Amino acid sequence: MELTFTGRGLPVSDDIREQAAHKLARLERLEPRTTRIDLEFVAEHHPSPDGLKMVKAALKIPRKTFRARAEAHEVRTALDDVAEKLERQIRDHHGRRLGRWRKQVRFPRDPVPPPADMDE
């Protein structure tokens with residue numbers, strides 16, 4: 001899995017990189033086909049005393065991309081929220097795939113009737 005970090009108005013320290021790798025490692029266990037996770041850390045354009053930080057994430061697997069974003073006063077809190085949102089999306093995605101499979105097993109398609117004899 002490849003992690004890419006982008007900081008907009010906010011430096012991305014090594015400590016934040018390590019925490020992000022640790023928190024997002026569980027997503028790779030849930031979805032082993034994960035090829036890449038793009039993280040973007042954004043500070044407010046007009047800083048206020050609150051100083052909200054936003055984290056955007058895009059988890060890419062073949063033929064599908066999961067996206068999440070979260071805002072918080074601290075980057076670590078926003079990172080936790082993003083990881084939870086991505087985990088929920090992956091679990092829902094697996095449930096949908098499993099539901100389709102179960103539906104197919106329970107109600108298989110009607111078998112194709114054998115061709116009529118040409119003798120008659």
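Odds and ends about this structure:
- The H on the amide N of residue 12, modeled in the peptide plane, is under 5 Å from the matching H of no residue at least 5 residues off or on a different chain.
- Length gained on full extension, residue 63 to residue 17: 13.9 nm, using 0.36 nm per residue less the C-alpha separation.
- Given their separation in residues at 0.36 nm each and the Cα-Cα distance between them, residue 5 and residue 71 gain 22.1 nm when the chain is fully extended.
- For segment 9-25, Karplus couplings with θ = phi - 60° (6.51, -1.76, 1.60), whole Hz, Gly/Pro x: x, 8, x, 9, 7, 5, 4, 5, 4, 5, 5, 5, 4, 5, 6, 8, 5
- Relative contact order [Cα under 8 Å, 6+ residues apart], segment 29-95, whole percent: 28
Where a number appears in this text, it was derived from the coordinates with a stated rule and is not lab data. Remember, predicted model here, so these are calculated numbers, not experimental data.
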